[in-house]
Amino acid sequence: MNGSIQEYARIGIVHFMAYPACGGGDGPILESLAALTSDPLFEVLEVTRMNDPVTRKKARALAESKGVELCFGAQPILLGGGLDLNHHDAATRASAVEAVKSAIDQAEELGCHGLAVLSGKVSEDINDAIVRLVDSLTHLCAYGESKGVRIVLETFDQVPYGKNCLIGPTEDAVTVSHAVRNDYPDFGLMLDLSHLPLLGETPAHAIKTAGHHFVHAHMGNCAMDDPSHPAYGDNHPRFGAAGTRNDVPQLAEYLRVLLAEGYLSKSHRRILSFEVKPMAGETSEEVIEESKRKLEEAWKLV
């Protein structure tokens with residue numbers, strides 16, 4: 001492809017995945033953010049909870065001083081707490097909603113204008129569970145609107161060795177988004193190349209099905225063929241790691257569809273973020289640099 005991919009997208013990275021020690025709200029948050037904000041490729045950093053209010057204040061100041069946008073990922077809060085936005089028990093579901101509301105408060109404090117969530121576990125009563133999820137998301141959108149924070153739902157797998165989430169197939173995600181957008185039209189969906197093999201979906205199917213509901217894109221990889229693989233399931237190994245599904249050819253195809261469907265555009269540069277995690281023996285810095293190189297190679301094939 002002629003020209004830089006930065007002409008078509010704002011490249012980002014999921015901070016708490018690249019630096020997993022930060023996922024619980026502590027760890028080397030400021031040091032790692034400083035390294036990422038110094039990288040001219042990254043215009044967006046996706047962060048999660050930061051337990052120390054001073055750290056939150058410094059993180060926002062750092063991002064603003066570098067002209068880098070922060071987005072908030074509430075996925076670690078939901079997953080780490082075993083929280084479920086579509087649980088059949090009303091009190092359990094309300095606990096999940098309250099946890100995300102607290103995350104929205106932090107997102108506002110950090111200057112984030114977007115916050116991502118995921119659905120709870122898939123269950124036999126799928127249609128009723130979708131209704132419950134829509135109800136939870138509607139409450140979160142109302143709260144987010146009062147804080148200037150847009151809510152985005154990320155699609156995940158439905159396999160027992162992954163996250164086994166209700167949403168799930170892109171068709172169901174669009175059903176949810178249609179319902180939520182009746183009241184909150186800025187709601188949208190996040191698609192992740194890492195999750196598409198686990199869902200049994202191609203980039204063309206997922207992106208075309210999502211259509212205008214698709215507002216945020218992730219790039220990543222998964223391992224799903226060998227249960228003994230150290231990154232088996234939804235664990236975001238580096239591109240091209242042995243025994244994994246996505247490398248330069250798959251990333252290039254994803255980019256081609258993103259371009260063809262108008263997600264990548266010079267007139268509307270949307271977010272395109274890496275979600276990669278170091279495996280044992282790998283450093284965050286090595287995985288980040290390798291991801292950047294793979295993106296450059298893939299873009300040349302588009």
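Any read-out appearing in this document is the output of simple, stated calculations on the displayed coordinates, not a laboratory observation. This one's a predicted model, so the numbers in the text were calculated from it and none came from an experiment. Quick reminder, even Gly has a Cβ in these numbers, built from the backbone with ideal geometry, and neighbours come from all protein chains shown.
Summary of computed values
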read-out	value
Separation of the Leu79 and Lys266 label points, Cα + 7 Å toward Cβ, nm	3.7 nm
Cα Rg, Dmax, the chain, angstrom units	17.9, 54
Cross-link table Lys58/Lys294; Lys163/Lys294; Lys66/Lys101, entries beyond 30 Å C-alpha to C-alpha	Lys58/Lys294
Distance from the range 170-240 to the range 26-102 (C-alpha centre basis), Å	20 Å
Using a Förster distance of 41 Å, the FRET efficiency for Ser146-Glu285 (Cβ separation, nearest 0.05)	0.60
Where labels lie 7 Å past Cα in the beta-carbon direction, separation of Ala21 and Asn2 in nm	4.6 nm
Dipole of the chain, positive end: most advanced residue of Ala173, Ser65, Gly27 [Cβ charges, Cα centre]	Ser65
Inter-site label distance for Ala90 and Lys121 at 7 Å from Cα along Cβ, in nm	2.2 nm
Stretch gain in nm, segment Asp52-Lys292, where the contour uses 0.36 nm per residue and the Cα spacing is subtracted	83.3 nm
Relative contact order of the chain, defined on C-alpha pairs under 8 angstrom at six or more residues apart (%)	18 percent
Nearest-0.05 FRET efficiency for Ser228 and Asp183, computed from C-beta distance (R0 51 Å)	0.65
Charge context of Ala173, other residues only, Cβ under 11 angstrom, K/R +1, D/E -1	-4
Farthest positive-ward along the chain dipole, Cα basis, beta-carbon charges - from Ala99, Leu118, Ser4	Ser4
Inverse mean reciprocal Cα-Cα distance (Kirkwood Rh) of the range 84-138, Å	11.8 Å
Gyration tensor verdict on the range 233-299 (Cα atoms; rounded if a/c is under 1.5, prolate if a/b is larger than b/c, oblate otherwise)	prolate
Calculated from backbone phi, Karplus (6.51, -1.76, 1.60) coupling profile of the range 285-294 in Hz, x at Gly/Pro	5, 5, 5, 5, 5, 5, 5, 4, 5, 5
Per-peptide average of other Cβ atoms within 10 Å, ordering 40-46, 207-213, 187-193 highest first	187-193, 40-46, 207-213
DSSP-defined beta bridges in the range 5-300 - what % are antiparallel, rounded to 5	5 percent
Sequence ranges 129-137, 117-125, ranked by mean other-Cβ count within 10 angstrom, highest first	129-137, 117-125
Environment charge at Leu251 (Cβ cut-off 15 Å; Lys +1, Arg +1, Asp -1, Glu -1)	0
Check: the chain dipole with +1 on Lys, Arg Cβ and -1 on Asp, Glu Cβ, in debye	660 debye
Theoretical ellipticity at 222 nm over the chain - DSSP helices of four or more residues, -39500 (n - 2.57) apiece, nearest 500	-13500 deg cm²/dmol
Under Karplus coefficients 6.51, -1.76 and 1.60, residue-wise ³J(HN,Hα) of the range 155-161 in Hz, glycine/proline x	7, 10, 7, 10, 10, x, 8
